[in-house]
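**Student:** First the structure, then my questions, so here it is.
What follows is calculated from the coordinates using simple rules that are stated; it is not laboratory data. This structure is a prediction, so every number in the text was calculated from the model and none was measured. Cβ atoms come from the backbone with ideal geometry, glycine included; neighbour counts cover every protein chain shown.
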Amino acid sequence: MKRFAILASCGILSCLLVGSAFAADCLPTLRKGWIRVPPGGMQMMLAGFGRIENRCTAAATIIGAHSTAFADVSVHRTSLVDGISRMREVPELQVDAHGAAVFEPGALHLMLMQPGKPLKAGDHVAIDFRLQDGRHFRGDFVVKPIGG
């Protein structure tokens, strides 16, 4: 009976260790990422959209983003304040465990400043997201024209 208890304890401990390792390796993912190109070739400031899904057992906090395609990438939120549309940077964005953050026009979005080269419909851009715990994950964004 004592041997069984020891083996059972070892089995439970192994499951816990494997489960915690899996949680540490789990990262959010970007789905349906896209960048809207403004009309008339004015590409100094673009916006990125999509859905970041966190299927992990722990929340993830995004504290920054970077892309070699842009001089600066940041998370912003547009909101209506006293009847005026205001855009503010979001320094930290928590994505709850088994939750999602939706980036869409007129709400949460990526500000993409000064592209290194003109972008056209169909181009793909990689954006790396930095998490508070030091890990990173990459999202792929396709460039779409307005209404595309």
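**Student:** List the residues whose amide H sits under 5 Å from the amide H of Ala97, counting only those 5 or more places along or on another chain, with H placed 1.01 Å from N in the peptide plane.
**Tutor:** Ala59, Ala60
**Student:** Here's something else I'd like to know. When Lys and Arg each count +1 and Asp and Glu each count -1, what net charge do the other residues less than 15 Å away from Gln132, Cβ to Cβ, add up to?
**Tutor:** -2
**Student:** Next up: May I ask you to order 69-82, 48-61 by the average number of other C-beta atoms within 10 Å around their residues, highest value first?
**Tutor:** So the peptides 69-82, 48-61, ranked by packing, come out 48-61, 69-82.
**Student:** Starting from the Cα-Cα distance between Gln43 and Arg138, subtract it from 0.36 nm times their residue separation and give me the gain in nm to one decimal.
**Tutor:** Details: separation 95, 0.36 × 95 = 34.20 nm, distance 2.27 nm.
Additional length available on full extension: 31.9 nm.
**Student:** Let me ask another. Arrange Asp128, Asp25 by Cβ neighbour counts within 10 Å, fewest through most, would you? Mind dumping the intermediate values first?
**Tutor:** Details: Asp128 14, Asp25 9.
By the 10 Å Cβ count, ascending: Asp25, Asp128.
**Student:** Separate question: If you add up the charges near Ile63, with Lys and Arg at +1 and Asp and Glu at -1, over every other residue whose beta carbon is less than 14 angstrom from its beta carbon, what do you get? Mind dumping the intermediate values first?
**Tutor:** Numbers: positive: Arg130, Arg135; negative: Glu89, Glu92, Asp128, Asp133.
Taking every Cβ under 14 Å from that of Ile63, the sum is -2.
**Student:** Okay, moving on. Once the other residues with Cβ under 12 Å from the Cβ of Glu104 are scored (Lys, Arg +1; Asp, Glu -1), what is the net sum? Could you put the intermediate results ahead of the total?
**Tutor:** Working: positive: Lys32, Arg36, Arg51, Arg77; negative: none.
Neighbourhood net charge equals +4.
**Student:** Two decimals is fine: what is log10 I(q)/I(0) at q = 0.12, 0.25 Å⁻¹ for segment 41-132, from a Debye sum with one equal scatterer on every Cα and no solvent?
**Tutor:** -0.41, -1.33
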